[in-house]
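Student: Mind looking over this structure? Questions follow.
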Amino acid sequence: MNFLLDPFQFDFMIRSLVAAVAVGIVCSILGTYIVLRGMAFFGDALAHTILPGVVIAYIIGWPVAVGALIVGIITAIGIGWLTDKSQLKEDTAIGVIFAGFFALGVALLSTTGNYSVDLAHFLFGNLLAVSNSDLWLIAILAGLVLLTIYLFYKEFLLISFD
């Protein structure tokens, strides 16, 4: 039975477990609203559409998180704009933006020619590399998200069934 507990003698395994549980709790609660809105594809699309921002930030020497954040915001605005200004449903708009931005990211990645840094790691991440500062950030953001959902529960419920 020790083989089940042996991995938890390492700090990185404990940090990984805490991070996974915290993110899992927040994502499961947010996921119910996202599925009710018919935007189940949004999480996957957002994770992949940040690739051009990561590549551009890497090329110009910026922090890649800044590039990812900028393109993530542009993605969310673009999906909303496409949904409002066209006859497309939200899932279709998500697919259009996803395909376009991911293709742009792959094209930009292929032009860098520098494969010493594997930018594809930004698509998948590494749960075992979570640091103590990452845990604090996850805890703060999880608390803010849960507090927001608690405070605006009725509004989120109305928007979800609209």
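Student: Return the pair list, or none, for Cβ contacts closer than 7 Å from residues in region 87-103 that are buried (at least 16 other Cβ atoms within 10 Å of the Cβ) to residues that are assigned to a loop (DSSP other than H, G, I, E, B), at least 6 apart or on different chains.
Tutor: The qualifying pairs are 90/37; 90/38; 90/39; 91/38; 91/39; 91/41; 94/39; 94/41.
Student: Give region 29-58 a look and list any residue that's among the aromatic types (Phe, Trp, Tyr) and either outside any helix (DSSP H, G or I) or within 16 Å of residue 125 (Cα to Cα) (or both), or say none.
Tutor: Once the filter is applied, which keeps residues that are among the aromatic types (Phe, Trp, Tyr) and either outside any helix (DSSP H, G or I) or within 16 Å of residue 125 (Cα to Cα) (or both), region 29-58 yields only 41.
Student: To continue, here is another question. Filtering region 142-156 down to residues that are of a type outside the set (D, E, K, R), in a helix (DSSP H, G or I) and without any contact (Cβ under 8 Å) to a residue 60 or more places away in the chain, which residue is farthest from residue 27 (Cα to Cα)?
Tutor: Here the residue is 151.
Student: On to the next question. Out of region 123-143, which residues are farther than 21 Å from residue 39 by Cβ and among the aliphatic types (A, V, I, L, M)?
Tutor: 127, 128, 129, 130, 135, 137, 138, 139, 140
Student: Further question on the same structure: Residue 79 is checked against (1) of a type in the set (A, V, I, L, M); (2) closer than 30 Å to residue 107 by Cβ; (3) surrounded by 12 or more Cβ atoms within 10 Å (Cβ to Cβ); (4) out of contact with any helix residue (DSSP H, G or I) (no Cβ under 6 Å at 6 or more places or on another chain) and fails just one. What number does that condition carry?
Tutor: All conditions pass for residue 79, except number (4).
Student: Within region 1-20, work out how many residues are part of a helix (DSSP H, G or I) and either surrounded by fewer than 12 Cβ atoms within 10 Å (Cβ to Cβ) or hydroxyl-bearing (Ser, Thr, Tyr) (or both). Before the answer, list the steps.
Tutor: First, the residues of region 1-20 that are part of a helix (DSSP H, G or I): 2-9, 11-20.
Now restrict to residues that are either surrounded by fewer than 12 Cβ atoms within 10 Å (Cβ to Cβ) or hydroxyl-bearing (Ser, Thr, Tyr) (or both): 2-6, 8-9, 11, 16.
Residues that pass the stated criteria total 9.
Student: Considering only region 59-92, state which residues are under 16 Å from residue 38 (Cβ atoms) and assigned to a helix (DSSP H, G or I).
Tutor: Once the filter is applied, which keeps residues that are under 16 Å from residue 38 (Cβ atoms) and assigned to a helix (DSSP H, G or I), region 59-92 yields 76, 79, 80, 82, 83, 84, 90, 91, 92.
Student: Further question: Can you confirm whether region 61-72 contains a residue that is closer than 21 Å to residue 124 by Cα, surrounded by 13 or more Cβ atoms within 10 Å (Cβ to Cβ) and touching a residue at least 60 places away in the same chain (Cβ under 8 Å)?
Tutor: no
Student: Hey, another quick one. Which of the numbered conditions does residue 86 fail, given that it passes all the others? Conditions: (1) among the small types (Gly, Ala, Ser); (2) at pLDDT 95 or above; (3) more than 14 Å from the chain's Cα centre (by Cα).
Tutor: Here residue 86 clears every test but (2).
Residue-wise test of (1) of a type in the set (S, T, N, Q); (2) modelled with pLDDT of 90 or more; (3) closer than 16 Å to residue 57 by Cβ.
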position: 91; (1), (2), (3): no, no, no
position: 96; (1), (2), (3): no, yes, no
position: 104; (1), (2), (3): no, yes, yes
position: 113; (1), (2), (3): no, no, no
position: 121; (1), (2), (3): no, no, yes
position: 126; (1), (2), (3): yes, no, no
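The values are calculated or read from the model by the stated rules, or taken from the named source; none is laboratory data. Quick caveat, the model's predicted, so the values are computed rather than measured. Don't worry about glycine lacking a Cβ; one is built from the backbone with ideal geometry, like all the others, and counts go over all protein chains shown.
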